[in-house]
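Taken together, the values in this text are just the output of simple stated rules run on the coordinates, not laboratory data. The model shown is predicted, which means the values in this text are computed figures rather than measured ones. Note that each Cβ is placed from the backbone with ideal geometry, even for glycine, and that neighbours are counted across all protein chains shown.
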Amino acid sequence: MSDDKEYLKTNNPSEETDEKENKDQYEKICFMCRRPESKAGKMIDLPNDIHICTDCMQRSFDTMNNSNINYDELMRNMPNISMIDLSSLQNQIPNRQKVKKKQEAPKEKVAPKVFDIKSIPAPHKIKASLDEYVIGQEKAKKVMSVAVYNHYKRVFADVNDDVEIEKSNMLMIGPTGSGKTYLVKTLARLLDVPLAITDATSLTEAGYIGDDIESVVSKLLAAADNDVERAEHGIIFIDEIDKIAKKKNTNQRDVSGEAVQQGMLKLLEGSEIEVPVGANSKNAMVPLTTVNTKNILFICGGAFPDLEEIIKERLNKTASIGFQADLKDKYDHDNTLLEKVTVDDIKKFGMIPEFLGRLPIIFTLTGLNRDMLVEILKEPKNAILKQYQKLLALDEVKLEFEDGALEAIADMALEKHTGARALRAILEEYMLDIMYEIPKDDSIGEVIITKEYIEHTGGPRILLRGQEMPMLEAK
C-alpha cells in the first residue's frame, strides 16, 4: 500500500505541489506550546514537519542543564534506549487548529528616501508645518524647530575640524492635554524619520520586573524596520519623565526613580548599546545588534505636577517682610507660572543634576484657554469637527456648528482639567444620537449643532434636502 502511495507521488507531481502549497497557507505551530509563528517568532524546523519555537527550545535546554541527571550514565546503563521516533509525531496538529497566514498585498519597490543635510527643512518651514496641526504653543514650536534643525545639521556636519557640536536633547514641561506628544508625533511625520514613543513609568533598574532602559532603543529599531543606520538618525520621545523623579522616602529601594535616571545618562550622552532585534527583552535565543545613540535625538516630556508649588515657594521667598512685601497669594491664579521654571526648581522636584545636564534645552507649554480650545476644534488640518463633517459627508449630510456651541463645548472642556483630550469625549457624547438617527432618514440634508443643544435647553436644527426652512427648530 505504501508502495502505491510512493508510486502516485512519483507519477503525480501536481498532487505533491498542491499539498505543499496547502501547507504554505498555514502558519507553523510550535509542537510544545502550540503558539503560531506570528506570536512565537521564528521556528526551529525538525524532520517530519515538526516545529519548535526558540522559547520552548531554550526552556528545554535550561531544564536539561539545571537537572541533576547524568545523561552519559543513563545511556550506558540503558543500552537498548532509542531516540524518539519523530515520524510517529507527524501531523499531530490538524489544519483546523492552525492559523492561516495573512495575505500581504504586493508592495511596490520604492527607493529609500535619502536624508542628508540638504533635505533638512529650515526652522521657519518646520514651524509653519507645525502651525497647520498644532494651535498655540508658539514658543514651544519655535524652540523645537531650531533644536531639531541644529541636531540634524550636527549629524551631517563635517567632523574633520576640531569643533564638535553637542547634542540638543530637549525637556518639555506642560500640563496634561497641552500637546506634548502630539507635537513630537507631528514633527517626526514631517521629517519622515523613525520615532519611538515610550513611557518612563514602566522603566526599572536592571534585574527588576519592568522594562530595561535599553528597551527604548529597541522600540526605535523596530520603528525603523530593524535598519540600524536609519534608527541612529531617529527620535525617541520619553513621556511621563516626571515619574522617574527621586522618591521622597529614602528608606525604600528606589528601582524606578533615581536609578533609572542614572542608567539613562549613557543613552542621552551617546554610547554603543546592545539591543535585541525584534524583542523588548534580551534573550539567549534572540540576536543582538549594536546601536550608537550618539546621533539619536531624545525628547523628554512630563506634566510635573506640584512643580508650580515649588516655583511659587521660591518666588514668595524673594520678599516676604516689610511694606514692599508681596502677598502670599500673588501667584495663586498666575497662568504663566510654569514659564518661570528654573533648573533648580526641577532639581528640587527630584531630577538629578547629571540627568538635567544632558537635556540642555528646557521649555514649557502653556495650559489651554477657552479661545485655544475653540481653535483646536475647527482650525487644524485634522480638526475634530472636520473628522465628524467627513463622516456625515459620506451619508451626504452637511454638518455645521454654531460659534456659541463651540464656546459651550470649550467651557465644558475647561471644567474637566484634561486639556484638549476632553474635547473628543464631549463631542462623542453629543454626536452619538445624531450619528445614530441621521442614517434612518434619507431626506435630511444638513444638521446644525446649536448652543441650546449643547446646554440641554433645545435640539439641533435639521434641514431637509432642497429646503431652506428648518424641519426642527431648537426650543
Practice item. Give the Debye-formula value of log10 I(q)/I(0) at each listed q (0.14 Å⁻¹), with one equal scatterer per alpha carbon of segment 159-222, two decimals each. Key: -0.64
**Study point:** residue 229 paired with residue 262, simple spin-label distance in nm, labels 7 Å along Cα-to-beta-carbon
**Key:** 3.9
Study note, to complete from the structure: Per the rule of 0.36 nm per residue minus the C-alpha distance, extending residue 394 to residue 48 adds in nm 119.2 nm
Practice item. Rank-order 217-223, 176-182 by packing density, defined as the average count of other C-beta atoms within 10 Å over each peptide's residues, highest first. Key: 217-223, 176-182
Check your understanding: What order, most packed first, do the peptides 424-433, 456-465 have when packing is the mean number of other Cβ atoms within 10 Å of each residue?
Key -> 456-465, 424-433
Exercise for review: Work out the FRET efficiency for residue 432 and residue 336 from their Cβ-Cβ distance, taking R0 = 35 Å, and round it to the nearest 0.05.
Suggested key: 0.40
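I'd like the FRET efficiency for residue 182 and residue 209, computed as 1/(1 + (r/R0)^6) with the beta carbon distance as r and R0 of 45 Å, rounded to 0.05. Walk me through the intermediate numbers first.
Numbers: r = 31 Å, r/R0 = 0.69.
Computed FRET efficiency for residue 182 and residue 209 comes out at 0.90.
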Point to revise | Packing-based order for 446-454, 395-403, using average beta carbon neighbours within 10 Å, highest first | key: 446-454, 395-403
**Study point:** Label point at residue 425 placed 7 Å out along Cα→Cβ; residues across segment 345-384 whose backbone nitrogen lies under 20 Å
**Key:** 367-378, 384
Check your understanding: Going down the table (167/247; 39/219; 266/294; 142/219; 180/340), which pairs top 20 Å between alpha carbons?
Key -> 167/247; 142/219
